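Have a look at the structure below before the remarks.
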Amino acid sequence: MKKLYIILYILISFCSYAQIGIGTSNPQGILHVDGAKDNLVSGVPTSGQQINDFIITASGNVGIGNTAPQRKLDADAGAQSLRIQNLIRQVPADHDILIRSEASGDVTTAKYSYSINSASIAAGAAGTVTIPSTINIPAGMLIVRSGNACGRTMISTYMYSDMSLGYLSAVARDKVGVVTSSAGGAGTSSGWGVKFANVLGCADGGGATQFDYTIVKTGGSTYTITNNGNIARTYTLTVFRL
(Lines give C-alpha, C1' and ligand atoms only; values in the text may rest on other atoms or scores of the structure.)
Protein backbone atom coordinates (compact mmCIF):
# COMPACT_ATOMS: atom_id res chain seq x y z
CA MET A 1 0.00 0.00 0.00
CA LYS A 2 2.86 2.33 0.88
CA LYS A 3 4.44 1.72 -2.53
CA LEU A 4 1.12 2.57 -4.21
CA TYR A 5 0.98 5.92 -2.41
CA ILE A 6 4.52 6.69 -3.51
CA ILE A 7 3.68 5.89 -7.14
CA LEU A 8 0.51 8.03 -7.00
CA TYR A 9 2.47 10.91 -5.47
CA ILE A 10 5.07 10.71 -8.24
CA LEU A 11 2.37 10.64 -10.92
CA ILE A 12 0.51 13.62 -9.41
CA SER A 13 3.75 15.58 -9.19
CA PHE A 14 4.57 14.72 -12.77
CA CYS A 15 1.13 15.78 -14.02
CA SER A 16 1.37 19.04 -12.05
CA TYR A 17 4.48 20.15 -13.89
CA ALA A 18 4.40 18.24 -17.20
CA GLN A 19 3.69 19.71 -20.60
CA ILE A 20 1.05 17.98 -22.64
CA GLY A 21 1.63 17.44 -26.34
CA ILE A 22 -1.05 16.23 -28.73
CA GLY A 23 0.34 15.16 -32.07
CA THR A 24 3.83 16.11 -30.90
CA SER A 25 6.40 14.62 -28.52
CA ASN A 26 8.05 18.04 -28.24
CA PRO A 27 5.48 20.36 -26.61
CA GLN A 28 6.48 24.02 -26.35
CA GLY A 29 3.90 24.97 -23.70
CA ILE A 30 1.57 23.62 -21.03
CA LEU A 31 -0.72 22.39 -23.82
CA HIS A 32 0.52 22.07 -27.38
CA VAL A 33 -1.50 20.62 -30.26
CA ASP A 34 0.30 19.91 -33.52
CA GLY A 35 -2.53 19.61 -36.02
CA ALA A 36 -0.45 18.17 -38.85
CA LYS A 37 1.91 16.15 -36.62
CA ASP A 38 4.84 17.62 -38.51
CA ASN A 39 6.89 19.24 -35.71
CA LEU A 40 10.51 18.46 -34.95
CA VAL A 41 11.24 15.93 -32.19
CA SER A 42 13.49 18.54 -30.54
CA GLY A 43 14.00 22.26 -30.71
CA VAL A 44 11.54 24.93 -31.81
CA PRO A 45 9.23 24.09 -34.76
CA THR A 46 9.82 26.08 -37.93
CA SER A 47 7.36 28.82 -38.90
CA GLY A 48 5.91 26.50 -41.53
CA GLN A 49 5.37 23.77 -38.96
CA GLN A 50 3.85 26.18 -36.42
CA ILE A 51 1.09 27.36 -38.76
CA ASN A 52 -1.11 24.36 -37.89
CA ASP A 53 -0.33 24.46 -34.15
CA PHE A 54 -2.31 25.55 -31.09
CA ILE A 55 -0.61 26.30 -27.79
CA ILE A 56 -1.26 27.53 -24.24
CA THR A 57 1.80 28.80 -22.41
CA ALA A 58 2.55 28.81 -18.69
CA SER A 59 1.74 32.55 -18.60
CA GLY A 60 -1.74 31.87 -19.99
CA ASN A 61 -1.08 33.18 -23.50
CA VAL A 62 -2.81 31.37 -26.36
CA GLY A 63 -1.11 30.96 -29.71
CA ILE A 64 -2.73 29.90 -32.98
CA GLY A 65 -0.22 29.23 -35.73
CA ASN A 66 2.40 30.53 -33.33
CA THR A 67 4.15 28.57 -30.58
CA ALA A 68 5.54 31.62 -28.75
CA PRO A 69 2.47 33.88 -28.24
CA GLN A 70 3.25 37.36 -26.85
CA ARG A 71 -0.36 38.35 -26.04
CA LYS A 72 -3.35 36.67 -24.36
CA LEU A 73 -4.42 35.74 -27.90
CA ASP A 74 -1.70 35.75 -30.55
CA ALA A 75 -2.80 34.36 -33.92
CA ASP A 76 -0.93 34.09 -37.20
CA ALA A 77 -3.71 34.42 -39.75
CA GLY A 78 -1.52 33.06 -42.53
CA ALA A 79 -2.41 35.97 -44.84
CA GLN A 80 -6.10 35.05 -44.57
CA SER A 81 -9.08 36.85 -43.03
CA LEU A 82 -10.43 35.92 -39.61
CA ARG A 83 -13.95 34.51 -39.55
CA ILE A 84 -16.49 35.17 -36.76
CA GLN A 85 -20.10 34.15 -37.27
CA ASN A 86 -23.41 35.03 -35.57
CA LEU A 87 -22.22 38.15 -33.78
CA ILE A 88 -24.90 40.20 -32.06
CA ARG A 89 -25.70 43.32 -34.10
CA GLN A 90 -26.11 46.57 -32.22
CA VAL A 91 -25.83 50.31 -32.86
CA PRO A 92 -24.64 52.12 -29.73
CA ALA A 93 -24.63 55.89 -29.41
CA ASP A 94 -20.85 55.94 -29.84
CA HIS A 95 -18.89 53.49 -31.95
CA ASP A 96 -15.50 51.85 -31.60
CA ILE A 97 -13.66 50.10 -34.40
CA LEU A 98 -10.85 47.54 -34.32
CA ILE A 99 -7.56 48.73 -35.76
CA ARG A 100 -4.41 46.70 -36.42
CA SER A 101 -0.83 47.88 -36.22
CA GLU A 102 0.98 46.87 -39.39
CA ALA A 103 4.28 46.90 -37.51
CA SER A 104 3.41 44.81 -34.43
CA GLY A 105 0.18 43.08 -35.49
CA ASP A 106 -1.50 44.29 -32.28
CA VAL A 107 -5.27 44.78 -32.56
CA THR A 108 -6.76 47.57 -30.44
CA THR A 109 -9.94 49.66 -30.39
CA ALA A 110 -10.31 53.24 -31.58
CA LYS A 111 -13.26 55.57 -31.36
CA TYR A 112 -15.10 55.82 -34.70
CA SER A 113 -17.63 58.50 -33.76
CA TYR A 114 -18.59 60.61 -30.78
CA SER A 115 -21.49 62.99 -30.09
CA ILE A 116 -21.78 65.74 -27.51
CA ASN A 117 -24.42 68.40 -26.83
CA SER A 118 -23.62 72.01 -26.13
CA ALA A 119 -25.25 73.86 -23.28
CA SER A 120 -28.17 76.06 -24.34
CA ILE A 121 -26.63 79.12 -26.04
CA ALA A 122 -28.66 82.30 -25.80
CA ALA A 123 -29.36 84.45 -28.88
CA GLY A 124 -26.28 86.55 -29.61
CA ALA A 125 -24.11 84.59 -27.17
CA ALA A 126 -21.25 82.15 -27.66
CA GLY A 127 -20.61 78.77 -26.12
CA THR A 128 -17.66 76.36 -26.16
CA VAL A 129 -17.95 72.63 -26.83
CA THR A 130 -14.99 70.37 -25.99
CA ILE A 131 -14.56 66.84 -27.34
CA PRO A 132 -12.88 64.78 -24.55
CA SER A 133 -9.20 64.16 -25.26
CA THR A 134 -9.74 60.44 -24.62
CA ILE A 135 -11.82 60.25 -27.83
CA ASN A 136 -8.62 60.92 -29.82
CA ILE A 137 -9.99 61.64 -33.30
CA PRO A 138 -7.54 64.36 -34.41
CA ALA A 139 -8.86 64.44 -37.99
CA GLY A 140 -12.16 63.58 -39.60
CA MET A 141 -15.64 64.92 -40.27
CA LEU A 142 -17.63 67.21 -37.99
CA ILE A 143 -21.43 67.47 -38.10
CA VAL A 144 -23.23 70.30 -36.31
CA ARG A 145 -26.93 69.72 -35.75
CA SER A 146 -29.80 71.59 -34.12
CA GLY A 147 -33.59 71.32 -34.30
CA ASN A 148 -36.70 73.29 -33.39
CA ALA A 149 -40.05 72.34 -31.92
CA CYS A 150 -41.65 72.26 -35.36
CA GLY A 151 -39.70 69.28 -36.65
CA ARG A 152 -37.12 71.23 -38.66
CA THR A 153 -33.46 70.24 -38.31
CA MET A 154 -30.36 72.17 -39.32
CA ILE A 155 -27.37 70.02 -40.37
CA SER A 156 -23.93 71.37 -41.29
CA THR A 157 -20.85 69.35 -42.23
CA TYR A 158 -17.16 70.21 -42.01
CA MET A 159 -13.80 68.52 -42.47
CA TYR A 160 -11.16 69.10 -39.81
CA SER A 161 -7.56 68.22 -39.06
CA ASP A 162 -5.58 69.62 -36.16
CA MET A 163 -6.45 73.36 -36.23
CA SER A 164 -7.92 73.38 -39.73
CA LEU A 165 -11.71 73.48 -40.24
CA GLY A 166 -13.23 73.36 -43.72
CA TYR A 167 -16.89 73.90 -44.55
CA LEU A 168 -18.69 71.35 -46.75
CA SER A 169 -22.47 71.93 -46.72
CA ALA A 170 -25.45 73.04 -44.65
CA VAL A 171 -29.21 72.53 -44.93
CA ALA A 172 -32.27 73.21 -42.79
CA ARG A 173 -34.91 71.01 -44.42
CA ASP A 174 -35.63 72.88 -47.70
CA LYS A 175 -33.26 75.78 -47.02
CA VAL A 176 -29.63 75.69 -48.13
CA GLY A 177 -27.17 77.48 -45.91
CA VAL A 178 -25.33 80.54 -47.19
CA VAL A 179 -21.81 80.55 -45.79
CA THR A 180 -19.24 83.26 -45.17
CA SER A 181 -15.70 82.76 -43.93
CA SER A 182 -13.38 84.87 -41.84
CA ALA A 183 -9.70 84.63 -40.99
CA GLY A 184 -9.06 83.03 -37.63
CA GLY A 185 -7.15 84.65 -34.83
CA ALA A 186 -3.88 83.42 -33.41
CA GLY A 187 -4.16 79.73 -32.60
CA THR A 188 -7.62 79.24 -34.12
CA SER A 189 -9.08 77.97 -37.38
CA SER A 190 -10.92 80.04 -39.92
CA GLY A 191 -14.40 81.02 -38.79
CA TRP A 192 -17.53 79.97 -40.67
CA GLY A 193 -20.81 81.85 -40.53
CA VAL A 194 -23.90 80.04 -41.84
CA LYS A 195 -27.28 81.67 -42.52
CA PHE A 196 -30.56 80.07 -43.57
CA ALA A 197 -32.63 82.78 -45.19
CA ASN A 198 -36.42 82.71 -44.89
CA VAL A 199 -36.73 79.78 -42.49
CA LEU A 200 -40.38 79.69 -41.38
CA GLY A 201 -41.15 80.79 -37.85
CA CYS A 202 -41.98 78.19 -35.23
CA ALA A 203 -44.21 78.10 -32.17
CA ASP A 204 -41.10 77.97 -29.98
CA GLY A 205 -40.39 81.58 -30.96
CA GLY A 206 -37.81 80.94 -33.65
CA GLY A 207 -37.84 83.46 -36.51
CA ALA A 208 -36.18 83.54 -39.92
CA THR A 209 -32.73 83.70 -38.32
CA GLN A 210 -33.28 80.92 -35.77
CA PHE A 211 -30.60 78.56 -37.18
CA ASP A 212 -27.96 81.15 -38.08
CA TYR A 213 -24.64 80.57 -36.31
CA THR A 214 -20.86 80.94 -36.52
CA ILE A 215 -18.31 78.28 -35.62
CA VAL A 216 -14.54 78.40 -35.10
CA LYS A 217 -12.09 75.74 -33.92
CA THR A 218 -10.27 77.20 -30.93
CA GLY A 219 -8.25 74.15 -29.89
CA GLY A 220 -7.34 70.63 -30.96
CA SER A 221 -10.69 69.37 -29.71
CA THR A 222 -12.53 72.61 -28.85
CA TYR A 223 -15.14 74.50 -30.86
CA THR A 224 -16.77 77.86 -30.14
CA ILE A 225 -20.27 78.42 -31.52
CA THR A 226 -21.93 81.83 -31.65
CA ASN A 227 -25.71 81.74 -31.88
CA ASN A 228 -26.66 84.41 -34.42
CA GLY A 229 -30.35 83.46 -34.28
CA ASN A 230 -33.22 85.06 -32.38
CA ILE A 231 -33.75 82.36 -29.69
CA ALA A 232 -31.62 80.13 -27.47
CA ARG A 233 -30.33 77.08 -29.23
CA THR A 234 -28.64 73.77 -28.27
CA TYR A 235 -26.23 72.23 -30.77
CA THR A 236 -25.15 68.59 -31.16
CA LEU A 237 -21.60 68.08 -32.42
CA THR A 238 -20.61 64.68 -33.84
CA VAL A 239 -17.10 63.81 -34.97
CA PHE A 240 -16.31 60.86 -37.27
CA ARG A 241 -12.96 59.22 -37.92
CA LEU A 242 -12.05 59.02 -41.61
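The values are calculated or read from the model by the stated rules, or taken from the named source; none is laboratory data. Since we're looking at a predicted model, the values are computed, not measured. Every residue, glycine among them, receives a Cβ derived from its backbone with ideal geometry; neighbour counts consider all protein chains shown.
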Next on the checklist: Could you go through the stretch 204-226 and let me know if any residue there is under 30 Å from I99 (Cα atoms), in contact (Cβ under 8 Å) with a residue 24 or more places away in the chain and among the basic types (K, R).
Outcome noted: yes
Checklist outcome for this item: Only one of K72, K37 is surrounded by fewer than 17 Cβ atoms within 10 Å (Cβ to Cβ) and in contact with a strand residue (DSSP E or B) (Cβ under 8 Å, 6 or more places away or on another chain), namely K72
Item to check | Single residue of the stretch 120-161 satisfying the filter (within 17 Å of the chain's Cα centre (by Cα), surrounded by fewer than 16 Cβ atoms within 10 Å (Cβ to Cβ) and touching a residue at least 24 places away in the same chain (Cβ under 8 Å)) that is farthest from G229 (Cα to Cα) | outcome: N136
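Quick grid of which residues meet (1) more than 26 Å from A183 (Cβ to Cβ); (2) crowded, with 19+ Cβ neighbours inside 10 Å; (3) of a type in the set (F, W, Y):
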| position | (1), (2), (3) |
| --- | --- |
| Q210 | yes, yes, no |
| Y223 | no, yes, yes |
| T226 | no, no, no |
| F240 | yes, no, yes |
Item to check | Filter pass, I88 being more than 30 Å from N230 (Cβ to Cβ), in a loop (DSSP other than H, G, I, E, B) and outside the structural domain of V176 (by TED's automatic domain parsing) | outcome: yes
Checklist entry - Which one of the conditions (1) under 33 Å from the mean Cα position of the chain (by Cα); (2) surrounded by 18 or more Cβ atoms within 10 Å (Cβ to Cβ) does G206 fail to meet, given that it meets all the rest? => result (1)
Item to check | Members of the stretch 100-119 found to be surrounded by 13 or more Cβ atoms within 10 Å (Cβ to Cβ) and either over 28 Å from Y235 (Cα atoms) or at pLDDT 90 or above (or both), listed by number | outcome: G105, V107, S113, Y114, S115, I116, S118
Checklist entry - If you take the residues in the stretch 198-242 that are aromatic (F, W, Y) and part of a loop (DSSP other than H, G, I, E, B), which one is farthest from C150 (Cα to Cα)? => result Y235
Item to check | Hey, N39 farther than 30 Å from I135 by Cβ, modelled with pLDDT of 95 or more and assigned to a loop (DSSP other than H, G, I, E, B) or not | outcome: yes
Checklist outcome for this item: Across (1) surrounded by fewer than 12 Cβ atoms within 10 Å (Cβ to Cβ); (2) assigned to a helix (DSSP H, G or I); (3) in the same structural domain as I22 (by TED's automatic domain parsing), A58 clears everything bar (2)
